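Comments concern the structure below.
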Amino acid sequence: MAMLVVKEGKAFPHTVSVLVDNDPGVLARVIGLFSGRGYNIESLTVSEVDEEAHLSRITIVTSGTLQVIEQIKAQLERLIPVHRVADLTLEGPSVERELALVKVAGTGEKRLEAMRLADIFRARVLDATPESFVFELTGTSDKIGAFVSLMRRVGLVEIACTGVAAIKRGPEAL
Amino acid sequence: MSSPQKTMTGAEIVLQALVDQKVEVVFGYPGGAVLPIYDALFSRKDIRHILVRHEQGGAHAAEGYARTTGKPGVLIVTSGPGATNAVTGLADALMDSIPLICISGQVATHLIGNDAFQEADTVGITRSCTKHNWLVKSTEDLARTMHEAFYVATHGRPGPVVIDIPKDVQIASAPYQSPNRIGHRSYKPQVKGDMEKIRDAVLQAAKAEKPIIYSGGGVINSGPEASHLLRDLVRLTGFPITSTLMGLGAYPASGEHWLGMLGMHGAYEANMAMHECDFMLCVGARFDDRVTGRLDAFSPDSYKVHVDIDSSSINKNILVDKAIVGDCAHVLEDMIRIWKTHAHKTNSAALQKWRARIAQWKKRDCFAYKQKGGGAAIKPQHAIKRLYELTKDRDAYITTEVGQHQMWAAQYYRFEEPYRWMTSGGLGTMGYGLPAAIGVQVARPKGLVIDIAGEASVMMTIQELSTAVQHKLPIKLFIINNRWMGMVRQWQELMHGERYSHSYSDALPDFAKLAESFGCKGLRAEKPAELDAKIQEMIDTDGPVVLECLVEQTENCYPMIPSGAAHNEILLGPEDEDAVSPSEQGKAMV
Ligand SMILES: Cc1ncc(C[n+]2csc(CCOP(=O)(O)OP(=O)(O)O)c2C)c(N)n1
Ligand SMILES: [Mg+2]
């Protein structure tokens, strides 16, 4: 049997951590690689993590078949400013968090309901006016998704959301 | 070498870094944003500058130089249009893994982003067609970046890099640093293969009944040692060997185990053997679509070993059984050592049967053609065959353009050594061959450097004849003039109902006269009987020559695996054309 690289078919989300030199253009390289090769990005988070060593960490949630994910890893490793790539989904277990700022507006019963739901989700109130709230919520993408969809019914105005930040459990570094 | 503390201008740093990196020749074209570098170049005797006529030509010339020497080629271009003109050459070098250092001028740092005169976002534009690129914002960083660029271009899988240098950075001064660092902060390509995997691969090889070695440009890129080791391995095992377009010459065409090139226009026996083999050792090749044909029918029964320095080439198109990441020479050396120390033996009875099967395929004589005499037109295959016969005992180097003539060159010119065959494989860039020949000739001043060209391709960079004349580079342009963009015409004939849409080479110049106007010798061969004499005259002329061969206009290039077809659905000639009607999927492929 000829063995084909399966590009279509069942695709799963993977969280990939990339340790890079904090150079100008490094993000463009990573994003360009994804768009140029037709991989998708579901979430992307970048931040400097070691000022002295001049290193940034990029967390990407992408989806694809195992073979496509392998390709993505290999392609990322090939970029010159990339130090290390890890598929946290495969190398797991890991923990993941996102942060969302959610603004809702309304008065009366709607306003009370928004407050009650926020309580259940352990969202914090960052700003309040007589007719609005800004909630802060951290959690997995699922939890944030669930919260946002509830808020729609009680006066959601807008949301700002970070992408996923993820890290391996246990004592070892990337 | 200069002392590490010495202060220099940025322009001087660029040149000192080139000299310290053992660069002897640069190709280039001046302009406002590189004037400081050109000014510094004016008084330097240790760097030879070849002025080209177009930056694309400069890039291909640098590629040609790199491919015949194994050293990086260097190109200097100005900002804006200088850099954008070089883009095709950079993309070409990326696809074919050619080490190329492109130094581009940029507008002064305080003007960047202001749409200044001749400003282009060069690092943005070239990000996806280079292995890496840098915008150097301070003269302090320049020496280090120059050396890093050489490291990146030449280590691991080679490729093109761009160093974009604003004009003020060229003018300001900073201490120069010598290239003393080995290694790189983050880029550490793996050259040694995993021994466990190599052992397994050798074990499988010894068990094979129908083995094949499929080698590629990576063997040539790895250095001359890799070609020697490849030959040793073939001698040791007696395995038949085929090669990609890029890998020709690593194993000699006269070698007893040579099957010829494989792929879309490869030898029948090579493709059939790929299809039926039970063991495949792929070294320094990448299962390109021109090689595999229809993926789900590719070599269905083989155990596949893939050796490549670039792990992203592995399991990209075809899943293999044993993936060995490493440099070809290192891995081949380990394979040979393991084979010898374990005193592995091949299954000689099975191998004998396999050779007999291959001999059957060879009997089909897939490259046969009939050249009629007298007033008949010259067959393009015949023109190249004669060129080969008349030049094979010389120190010959062949470049090509892109099209049918390129495939015929690969089929009928036989290469005995690496570094003598430069063709645009991955990108398929028409206009590559003439400037590439210039680069080769610069590196091989005594060599007989011939561009086997198509009349359409050569028009794309014909201006470089002027470069050849200026620098006294006696290149030979051997134009296979079929008055068609032959390869396009062939596809239109086979896949698009003979609707020859805009593929006729109309309003062609008189190439001989054109050559003369440039100061070259111009020749033309129209009939088979005069072909040899004209080729001989071309060879004997001490200076650049253009020989235009008028050939049969509608000859097609065979064998051919139509796109979307499998290796064993290969067409051998016009009589097979109805055998495979292109699938819709195949039609959509390039
Ligand atoms: C820059 C560029 N443009 C277009 C093509 C598409 N193309 C491939 S082969 C070919 C025809 C080449 O004609 P010619 O140089 O006369 O060679 P022939 O096939 O006739 O031998 C064309 C247009 C290409 N490969 N490169
Ligand atoms: Mg033609």
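The values are calculated or read from the model by the stated rules, or taken from the named source; none is laboratory data. What you see is a predicted model; the values in this text were computed from it and never measured. Note that we place each Cβ from the backbone using ideal geometry, even for glycine, and neighbour counts take in every protein chain shown. All accessible areas refer to the heavy atoms of the entire protein, side chains included, with ligands and DNA or RNA removed. Shrake-Rupley method; radii C 1.70, N 1.55, O 1.52, S 1.80 Å.
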Residue-averaged beta-carbon neighbours from other chains (10 angstrom radius) around A:74-84: 5
Could you pull out every residue, at least 5 positions away or on a different chain, whose amide H is within less than 5 Å of the one on B:TYR303? Hs are placed 1.01 Å off N in the peptide plane, and Pro or chain starts have none. B:PHE279, B:MET280
For the range B:525-589, inverting the pair-averaged 1/r of distinct alpha-carbon atoms gives a Kirkwood value in Å of 15.1
Check A:SER43: other-chain or 5+ apart residues with amide H under 5 Å from its amide H, H built from backbone geometry? A:VAL61
Taking square-rooted eigenvalues a ≥ b ≥ c of the alpha carbon gyration tensor, is the range B:111-177 rounded, prolate or oblate, where a/c under 1.5 means rounded and, failing that, a/b exceeding b/c means prolate? oblate
log10 I(q)/I(0), Debye, Cα-only chain B, no solvent, q = 0.10 Å⁻¹? -0.88
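Report the local net charge at B:LEU351: Lys and Arg +1, Asp and Glu -1, summed over other residues whose C-beta lies under 11 Å from its C-beta.
Cβ neighbours under 11 Å give a net charge of +4.
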A:THR45: net charge of surrounding residues, Cβ under 14 Å, Lys/Arg +1, Asp/Glu -1, itself excluded? -2
Place +1 on the Cβ of every Lys and Arg and -1 on the Cβ of every Asp and Glu in the protein assembly as shown, take the dipole about the Cα centre, and give the residue among B:PRO559, A:ALA160, B:SER424 whose Cα lies farthest towards its positive end. B:PRO559
In square angstrom to the nearest 100, the accessible surface buried at the B/A interface, both sides summed with a 1.4 Å probe, amounts to 2100
If you consider only alpha-carbon coordinates, what radius of gyration and Dmax does the protein assembly as shown have, in Å? 29.2, 102
When the helices in chain A are scored as -39500 (n - 2.57) per DSSP H run of 4 or longer and the sum is shared across all residues, what 222 nm value do you end up with, to the nearest 500 deg cm²/dmol? -9000 deg cm²/dmol
Which value, in debye to the nearest 20, gives the size of the charge dipole of chain B about its Cα centre, when Lys and Arg are +1 and Asp and Glu are -1 at the Cβ? 1340
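Express the carbon and sulfur contribution to the solvent-accessible surface of chain B as a percent, rounded to the nearest whole number, probe 1.4 angstrom.
Carbon-and-sulfur percentage of accessible area, whole number: 51.
Counting only other chains, what is the mean number of Cβ atoms within 10 angstrom of the Cβ of each residue in peptide A:29-40? Kindly include the intermediate steps, with their values, before the conclusion.
On the way: counts 4, 0, 0, 3, 2, 0, 1, 2, 2, 0, 0, 0.
Counting Cβ atoms of other protein chains within 10 Å of each residue's Cβ and averaging gives 1.
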Relative contact order, percent, the range B:195-362 [alpha-carbon distance under 8 Å, six or more residues apart]: 29
Burial ranking of peptide ranges B:220-233, B:196-209, A:140-153, B:399-412 (average Cβ count within 10 Å, highest at the top): B:399-412, B:220-233, B:196-209, A:140-153
Where nothing but the Cβ of Lys and Arg (+1) and of Asp and Glu (-1) is charged, how large is the charge dipole of the range B:380-550 around its Cα centre, in debye to the nearest 20? 160
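Average partner chain C-beta neighbours within 10 Å, per residue of B:272-283?
Taking the mean over all residues of the peptide, I get 0.
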When the charge dipole of the protein assembly as shown is computed with +1 at the Cβ of Lys and Arg and -1 at the Cβ of Asp and Glu, the Cα pointing farthest to the positive end, of B:THR399, B:HIS132, A:ALA146, is that of B:THR399
Candidate lysines for bridging to B:LYS304, where Cα separation is under 17 Å - those fewer than 8 sequence places away on the same chain excluded: B:LYS197, B:LYS207, B:LYS210, B:LYS316, B:LYS322
Answer with one residue from B:ALA267, B:ALA350, B:PHE518: the one whose Cα lies farthest towards the positive end of the charge dipole of the protein assembly as shown, charges on Cβ with Lys, Arg +1 and Asp, Glu -1. B:ALA350
Over the range A:40-157, what is the relative contact order in whole percent, taking alpha-carbon pairs under 8 Å and six or more residues apart? 21
Return the sequence-ordered ³J(HN,Hα) values of the range A:125-132 in whole Hz as given by the Karplus equation 6.51 cos²θ - 1.76 cosθ + 1.60 applied to θ = phi - 60°, using x for Gly and Pro. 8, 9, 8, 9, 10, x, 10, 8
Quick one: Cα convex hull volume of the range B:403-486, Å³ per residue? 93
Across the Cα atoms of the range A:12-91, what radius of gyration and what greatest pairwise Cα-Cα distance (Dmax) are found, in Å? 11.8, 37
On each of the three principal axes of the Cα atoms of the range B:83-143, give max minus min coordinate, whole Å, ordered largest first. 36, 26, 14
Quick check: net charge around B:ILE198, other residues with Cβ under 14 Å of its Cβ, Lys/Arg +1 and Asp/Glu -1? -2
Need the per-residue list for the range B:161-187: every residue with at least 30 Å² less accessible surface in the complex of protein chains than in the chain by itself, probe 1.4 Å, sorted by number. B:ARG185, B:SER186, B:TYR187
Mind listing P(r) for the range B:195-362? All alpha-carbon pairs, 10 Å bins, whole percents. 11, 45, 38, 5
Please report, in debye to the nearest 20, how large the charge dipole of the protein assembly as shown is about its Cα centre when each Lys and Arg carries +1 at its beta carbon and each Asp and Glu carries -1 there. 1260
Express the accessible area of the range B:195-362 per residue in Å², computed with a 1.4 Å probe while the remaining protein chains stay in the model. 34
Beyond 18 Å, what share of the Cα-Cα pairs of the range B:305-397 remains, rounded to the nearest whole percent? 74
Counting only pairs 8 or more residues apart or on different chains, how many lysine pairs in the range B:380-550 have their Cα atoms under 16 Å apart? 13
GNM result for chain A, Cα springs below 10 Å: residue of A:ALA100, A:ALA123, A:ALA74 fluctuating most strongly: A:ALA74
For the range B:381-394, Karplus couplings with θ = phi - 60° (6.51, -1.76, 1.60), whole Hz, Gly/Pro x: 4, 5, 4, 6, 4, 5, 4, 4, 4, 7, 10, 5, 8, 9
Sorted peptide list for B:498-508, B:71-81, A:17-27, criterion being average Cβ within 10 angstrom, highest first: B:71-81, A:17-27, B:498-508
The range B:215-222 - phi-based ³J(HN,Hα) in whole Hz, Karplus 6.51/-1.76/1.60, Gly and Pro as x: 10, x, x, x, 5, 5, 4, 5
May I ask for the equivalent-ellipsoid semi-axes of the range A:95-166, computed as the square root of five times each C-alpha gyration tensor eigenvalue and listed largest first in whole Å? 21, 11, 10
